[in-house]
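Down below is the structure, laid out as structure tokens.
The values are calculated or read from the model by the stated rules, or taken from the named source; none is laboratory data. The structure presented is a predicted model; accordingly, all values stated were derived computationally and were not measured. As a convention, Cβ positions derive from the backbone with ideal geometry for all residues, glycine included, and neighbour counts pool all protein chains shown. We work out accessible area using only protein heavy atoms, side chains counted, and drop any ligands, DNA or RNA first. Shrake-Rupley method; radii C 1.70, N 1.55, O 1.52, S 1.80 Å.
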2 protein chains.
Amino acid sequence: MKSDEIKKAALKYFTIHGYEGTSLSQIAEDVGIKKQSIYSHFKGKDDLFLSVLKDAKEMELSSYVEYFNIMKKSDPEKMLYGFLEEMIKMFQEVESLKFWLRMGFFPPTHLYNEIQKETDDLQVQQEALMEKIFGTWISAGVLNSGDARTLTLAYSGVIVAIMVELVYADNPDRVAEKLAASWTIFWRGISK
Amino acid sequence: MKSDEIKKAALKYFTIHGYEGTSLSQIAEDVGIKKQSIYSHFKGKDDLFLSVLKDAKEMELSSYVEYFNIMKKSDPEKMLYGFLEEMIKMFQEVESLKFWLRMGFFPPTHLYNEIQKETDDLQVQQEALMEKIFGTWISAGVLNSGDARTLTLAYSGVIVAIMVELVYADNPDRVAEKLAASWTIFWRGISK
DNA sequence: CATAACCTAACGAACGTTCGTCAGGCAAGT
DNA sequence: ACTTGCCTGACGAACGTTCGTTAGGTTATG
């Protein structure tokens with residue numbers, strides 16, 4: 001499907017150059033068509049962008065759900081650490097994660113409301129997923145402390161810190177070092 | 001000074017709309033001059049941008065150094081938690097912090113090298129500052145564990161997580177909740 | 001079966017607008 | 001008198017978008 005090719009190229013450039021820094025001619029050239037032809041598939045730049053955004057959201061959410069469903073039976077240490085590792089791997093393979101991160105932080109202002117709605121929705125779903133798992137662990141007495149909400153927020157903080165490191169430097173050694181440090185302290189903070 | 005006004009307006013728009021999304025006419029209008037008059041003060045858009053960048057770096061570093069010098073004598077808990085609170089306050093008051101964060105994450109690609117150089121330099125200085133303090137605390141035996149490097153990286157992770165929350169939602173309650181959660185776990189992870 | 005009507009995807013050309021930038025002139029402060 | 005700051009005017013380039021048109025495939029009609 002040609003429109004998928006267009007979205008794929010659009011994802012790439014939106015991620016690297018942002019919304020304003022990406023031109024339709026750039027995307028079209030990447031696909032091998034003229035920029036006018038994009039209008040056969042999308043109403044315009046905004047329509048294309050929002051379409052890419054929705055795909056990225058779906059991708060992000062499904063990978064979350066998938067991993068959590070697979071791992072929810074294993075012990076907390078293995079699962080929580082494993083998820084961080086998995087995320088690092090995905091971040092380099094799946095381009096939509098970086099796109100999502102960028103647009104969540106710094107959305108094009110004229111689309112702020114539409115983007116905010118999506119990011120909020122995703123965040124709520126992700127946190128609900130986590131909170132439930134932390135809740136079962138606390139009930140089972142395998143974790144030290146506190147309420148599920150606190151653990152969820154702290155853990156998602158660790159996730160964000162790693163993601164930022166991935167965007168910021170993209171230096172594998174640095175990322176590994178950061179992961180090790182953050183995990184060490186976090187795990188010591190929540191384990192018995 | 002008029003060039004300071006220009007830089008101030010530029011900072012504002014660069015922060016909100018990014019490099020590509022900001023036009024010189026926008027900046028000029030904000031100052032009350034024509035866009036061509038900007039060229040009386042700066043060589044061009046890039047020159048203005050890099051000038052703003054250097055100011056922001058200086059601001060960020062000096063506020064770091066200032067706080068650390070004042071607080072280095074107090075106990076770890078008070079200082080580390082206090083710094084997070086201070087950062088939240090500054091983030092809303094000092095615009096250059098948000099600017100710095102954005103450009104560190106998503107720089108305009110054609111200025112990547114110049115920006116990377118500055119961000120790297122700042123990061124090294126900040127981490128050196130932290131690591132030294134953690135080192136003295138460890139030597140004094142007031143902290144539980146590990147090497148200073150690990151604590152530094154983990155703590156800067158907490159900082160980043162809070163900053164991201166500030167950018168992401170800008171909801172004071174949400175930020176406070178995140179701070180409380182991250183701090184609780186982090187402190188439990190490093191204290192005796 | 002043939003043909004007419006329609007749909008899709010792509011095109012070249014052009015639209016009006018905005019972009020960053022350069023050149024030259026005019027007024028004020030030293 | 002000379003520099004400095006801001007102005008007007010203009011520039012080529014690029015932007016997103018619209019237009020009319022073409023080629024090819026699908027569907028419906030006679």
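Worth a mention:
- Cβ neighbours within 10 Å from other chains - mean over B:100-107: 4
- Computed about its Cα centre, the charge dipole of the stretch A:13-113 is approximately 240 debye, with only Lys, Arg, Asp and Glu carrying charge at their Cβ.
- Stokes-Einstein D in µm²/s, Kirkwood radius over Cα pairs - the stretch B:111-192 at 10 °C with 1.306 mPa s viscosity: 111 µm²/s
- Shielding by partners - mean other protein chain Cβ count within 10 Å, residues of A:176-184: 5
- For the chain pair A and B, the buried solvent-accessible surface (1.4 Å probe, both sides summed) amounts to about 3700 Å².
- Taking every C-alpha pair closer than 8 Å and separated by at least 6 residues, the mean separation divided by the residue count of chain A gives a relative contact order of 20 percent.
- Across the identical copies, the 7 Å label point of A:Gly141, projected outward along Cα→Cβ, sits 3.5 nm from its counterparts, in ascending order.
- Of the DSSP H helices in chain A, those with a Cα length along their own long axis of 15 Å or more and a mean Kyte-Doolittle hydropathy reaching -0.5 comprise A:45-71, A:76-93, A:95-105, A:148-168, A:172-190.
- Separation of alpha-carbon centers, the stretch A:84-137 and the stretch B:139-169, rounded to whole Å: 22 Å
- The dipole here belongs to the stretch A:53-190: it is taken about the Cα centre, uses +1 on the Cβ of Lys and Arg and -1 on the Cβ of Asp and Glu, and is about 300 debye.
- Farthest positive-ward along the stretch A:53-190 dipole, Cα basis, beta-carbon charges - from A:Phe186, A:Gln125, A:Asn144: A:Asn144
- Cβ-vector label at 7 Å, A:Asp121, separations to other copies in nm: 4.5
- Using a 7 Å Cα-to-Cβ projection, A:Gln36 label spacings across copies, nm, ascending: 3.4
- Counting Cβ atoms of other protein chains within 10 Å of each residue's Cβ and taking the mean over peptide A:164-172 gives 3.
- Where the stretch B:53-190 is the region considered: accessible area per residue in Å², 1.4 Å probe: 43 Å²
- Within straight-line reach of A:Lys7, meaning a Cα separation under 23 Å, sit the following lysines at least 8 residues removed in sequence or on another chain: A:Lys34, A:Lys35, A:Lys43, A:Lys45, A:Lys54, A:Lys57, A:Lys89, A:Lys98, A:Lys117.
- Mean separation of Cα pairs under 8 Å and 6 or more residues apart, divided by the residue count, gives the stretch A:45-139 a relative contact order of 40 percent.
- Convex hull of the protein assembly as shown built on C-alpha atoms - directionally averaged projected area, nm²: 20.3 nm²
- Per-atom-type breakdown for the protein assembly as shown gives carbon and sulfur 51% of the accessible area (1.4 Å probe, protein chains only).
- With 30 Å² as the minimum drop in accessible area between chain alone and full protein complex (1.4 Å probe), the qualifying residues in the stretch B:120-157 are B:Gln123, B:Arg149, B:Thr150, B:Leu153, B:Ala154, B:Gly157.
- With q set to 0.09, 0.10, 0.14 Å⁻¹, the log10 of I(q)/I(0) for chain B, from the Debye formula over equal scatterers at the Cα positions, is -0.40, -0.48, -0.84.
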